[in-house]
There are 2 protein chains.
Amino acid sequence: MVQDIHFNEKTMGMSDVGFKALAAALSDLAAMGAIPRYALVSLTVPNNADLTLSQQLYEGLYACAGKYGVAIVGGDTTSSLGGWVITVQVVGEVEAGRALLRSSACSGDVVFITGFLGCSAAGLDYLNAVSPIKPSADQLEALEHLIEKHRRPFPQIRAGRALVQSDSCHALNDISDGLASEAWEIAEASDIGILLNEAWIPVDPDLNMYAELSGKEALDWILYGGEDYQLIGTVSQAQAEFVEQEFLRKQLFFQRIGEVTDIFTGVQLLKKDGSTVDVPKKGYNHFA
Amino acid sequence: MVQDIHFNEKTMGMSDVGFKALAAALSDLAAMGAIPRYALVSLTVPNNADLTLSQQLYEGLYACAGKYGVAIVGGDTTSSLGGWVITVQVVGEVEAGRALLRSSACSGDVVFITGFLGCSAAGLDYLNAVSPIKPSADQLEALEHLIEKHRRPFPQIRAGRALVQSDSCHALNDISDGLASEAWEIAEASDIGILLNEAWIPVDPDLNMYAELSGKEALDWILYGGEDYQLIGTVSQAQAEFVEQEFLRKQLFFQRIGEVTDIFTGVQLLKKDGSTVDVPKKGYNHFA
C-alpha cells in the first residue's frame, strides 16, 4: 500500500492502513483456498515521520493478524524521501495439489460471488467527495458502513477453505480490482466466456442508498470499483446446489451471478432490459 | 531498496539494484544457515517510469535467483508518486532446531568473519566522490573491484550452510550495516562482550589502496560501512580449528578477528598500539 495511491490522510487512519495491507495480502491466500500462516512486513517510512504513526500501523496489522491467526515473523524497515510504502507478504498452506486457480473454469459452470461488491469504492467516493452531501442520521449510518468496508475489508479465508473442502470449485479469484477485471482474469486464464446476469448481482442496500444520494450508478462501482476482497468462482451446474448448501450451513454468502460459456471469450453482461453488452476489461490499473 | 536512500542513478544500474535487492534478502537466510527456496518481489514503480528499467531490474533479480537456486514465485506491482521501492522477501529452509541465531555466543568463543569488509562502502565513497580522483590504470582496476562489491554483493549461503553442518557455530549474523553494528547485535542478544583485535582484521588490498589514495581510514569503512553481506560468527575455542579446516576444505574464507568475553558487555577494539577502545554502536541507521 502506497501513500497517495492507496490511501491518504483523508481516507484512512494508519491503523486502517495496517489492517488493510495485511487483509489484502490474505485475500490472495483466500483465492487459492489456503490457510494463512506467516506474514512479513516491510515498511518504508518517511524520514521525518511521527513514530506514533508506526505504532498505529502496527496496531492495525496485529488486529488483522489476530483475527486470522497469522504470525508476523519478520520484515524490514527503511527510510524514504517520499511517502509511506507498506509491503506485506504472506505464506499459507493448502493441501497438496488442491490450491484453487483462475485457469480451471469450464463451459457450463455457475459463476458465483461470496458477498456484496462496490461498497469499498462507494465509501472511497464519499470520502473524496468535493462537495460533501449532507446526509440524514440514517444515511450517515449507511455511509459509515461503506467507509468501514473501504478501511477494514475482510478477506474470505473461510469461504476459500469451504470451497477447497467441497472439492467442487473449478476456478477462483479474489476481487481486488472490481468484478469486471477479475471475471476477465478467469475468462482469459481459462480461455472461456463469462456471462454475468445483472438481475442476479446483489446490491448492498447502503450502496443503493449512496448511489441514489450521489446520482451515481451502483453497477459501475460493482463492476469497476475495487478493494472489496470478496471471491468470484465457478462450480459445475451439478454441484452448485451442494456448494450453496454447504455455504449456508457455514453461514457464508453464496450468490449465483452468471455462467461460463464457450460461445465467446471474455466477459459479457445480460442487462435487465434483455440486451447483452461487452464488459470492458477495466478496473483500477496502476499504469493505465 | 529505496531510490535515493540505497541507490541512485549515479551509483547503480537497475540491473544491479535487482541483483542486490535479492542478494541482501538472501544474506539474512545465510545468517541463519538456511537454504534459499522462494522469493516474492514487490515493486513500487514511479508512474512515469520507463518500462525498460523494470526489465533491467528483473534481469538482475533473475541473475541472482539463478545463482542461488531461488524461485521467484510471486509479488505485487504498484505505482508511486515518488521513487522506486523494491521489496524482496525470501523463504528458506533449515533443519529443525538448527537455525543459527545472534543470541548464542558464549564467553571464550572465537569471533570470526567470512570475508573482507569495507569494500562496498569504499566503492560507494568513490562513486559519490565530489572531486573524483584521477587513478592510474592499476588503481582503476582496483576501484572497479570495489564498485562491483557495492553493486553485486554475494550473500554467504555456502558459509552459512557449512556452519550449520559443522554443528559447531554458536552465534551468527550477517554484516549489512558494518562490523561494529553487527558485533553489537550479537553482544546485546547474547549478553556478552566482544573484543575485536585490529591486527587480526584482514584488509582487502584494493580497499587499502583506495584508503591511501583518498586519505581516508580503511578501518572506518570496515567498522562502520555497510552492505558487504559477509558473516560474523562465534565458535568455541575447542572447535575453531575444526571449523577453520572445514572452511578451507570447502574453499571458504575463515578469519579469526577477536574473542567473546564476560568481562564487559558491548564491543571493544584492541588496537595495534596495544590500547583498547570502546567501539560505538553505529553503522547505517535509517532513522539516526
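The values are calculated or read from the model by the stated rules, or taken from the named source; none is laboratory data. Keep in mind it's a predicted model, so treat the numbers as computed, not measured. As a convention, Cβ positions derive from the backbone with ideal geometry for all residues, glycine included, and neighbour counts pool all protein chains shown.
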Looking at this structure, is B:S190 at negative phi, polar (S, T, N, Q) and surrounded by fewer than 17 Cβ atoms within 10 Å (Cβ to Cβ)?
no
Residues that are touching a Ser or Thr at 6+ places or on another chain (Cβ under 7 Å), polar (S, T, N, Q) and part of a helix (DSSP H, G or I): does segment A:14-27 have at least one?
yes
When you check A:G75 against the structure, is it at positive phi and assigned to a strand (DSSP E or B), yes or no?
yes
Got a number for residues in segment B:87-112 being over 30 Å from A:T44 (Cα atoms) and among the aliphatic types (A, V, I, L, M)?
4
Please go through segment A:224-278 and pick out each residue that is free of Cβ contacts under 8 Å to residues at least 12 places away in the same chain and of a type in the set (V, I, T).
A:V277
Looking at B:S120, B:S136, can you tell me which residue is hydroxyl-bearing (S, T, Y) and either surrounded by fewer than 20 Cβ atoms within 10 Å (Cβ to Cβ) or closer than 15 Å to B:A30 by Cβ (or both)?
B:S136
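Can you give me the ranges of the helices (runs of 4 or more DSSP H) entirely in segment B:198-268 with at least 3 residues that are modelled with pLDDT of 95 or more, closer than 21 Å to B:E185 by Cα and among the hydrophobic types (A, V, I, L, M, F, W, C)? Can you show your working first?
On the way: elements: B:205-214, B:218-224, B:237-249.
The helices (runs of 4 or more DSSP H) meeting that bar are B:218-224.
How many residues are closer than 21 Å to B:C119 by Cα, out of contact with any His (no Cβ under 6 Å at 6 or more places or on another chain) and in contact (Cβ under 8 Å) with a residue 12 or more places away in the chain when one looks only at segment B:186-219?
19
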Scan segment B:48-63 and give yes if some residue there is touching a residue at least 60 places away in the same chain (Cβ under 8 Å) and either away from every other protein chain (no Cβ under 14 Å) or in contact with a Pro (Cβ under 6 Å, 6 or more places away or on another chain) (or both), otherwise no.
no
Among the residues of segment B:46-56, is there at least one that is at pLDDT below 95, out of contact with any helix residue (DSSP H, G or I) (no Cβ under 9 Å at 6 or more places or on another chain) and of a type in the set (G, A, S)?
yes
If A:S166 meets every condition in (1) among the hydroxyl-bearing types (S, T, Y); (2) buried (at least 20 other Cβ atoms within 10 Å of the Cβ); (3) more than 19 Å from the chain's Cα centre (by Cα) apart from one, which number is that one?
(2)
Go through segment A:8-40 and give me each residue that's within 12 Å of another protein chain (Cβ to nearest Cβ) and closer than 20 Å to B:G82 by Cα.
A:N8, A:A21
Can you report the number of residues in segment B:136-164 which are touching a residue at least 60 places away in the same chain (Cβ under 8 Å) and either outside any loop (DSSP other than H, G, I, E, B) or in contact with a Pro (Cβ under 9 Å, 6 or more places away or on another chain) (or both)?
17
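Yes or no: segment A:82-101 includes at least one residue that is over 24 Å from the mean Cα position of the chain (by Cα) and under 20 Å from A:D174 (Cα atoms).
There is at least one residue in segment A:82-101 that is over 24 Å from the mean Cα position of the chain (by Cα) and under 20 Å from A:D174 (Cα atoms).
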Scanning segment A:82-109 residue by residue, the ones that are more than 10 Å from chain B (Cβ to nearest Cβ) and more than 19 Å from A:K20 (Cβ to Cβ) total 17
Identity of the residue in segment B:28-57, in a helix (DSSP H, G or I) and in contact with a Gly (Cβ under 6 Å, 6 or more places away or on another chain), that ends up nearest to A:I5 (Cα to Cα):
B:L57
Looking at segment A:21-43, is at least one residue of a type in the set (K, R), at pLDDT 95 or above, surrounded by 16 or more Cβ atoms within 10 Å (Cβ to Cβ) and under 30 Å from A:A162 (Cα atoms)?
no
When you check A:L172 against the structure, is it touching a helix residue (DSSP H, G or I) at 6+ places or on another chain (Cβ under 7 Å) and assigned to a helix (DSSP H, G or I), yes or no?
no
Considering only residues that are closer than 17 Å to A:D28 by Cβ and polar (S, T, N, Q), which ones fall in segment B:65-106?
B:T77, B:T78, B:T87, B:Q89
Of residues in segment A:203-234 being of a type in the set (F, W, Y) and out of contact with any strand residue (DSSP E or B) (no Cβ under 9 Å at 6 or more places or on another chain), the one farthest from A:L22 (Cα to Cα):
A:Y210
Listed by first then second residue, the pairs whose first member lies in segment A:70-81 and is facing chain B (nearest Cβ under 7 Å), whose partner is assigned to a strand (DSSP E or B) and surrounded by fewer than 17 Cβ atoms within 10 Å (Cβ to Cβ), with beta carbons under 9 Å and at least 6 positions apart or on separate chains, are A:S79/A:P46; A:S80/A:P46; A:L81/A:P46
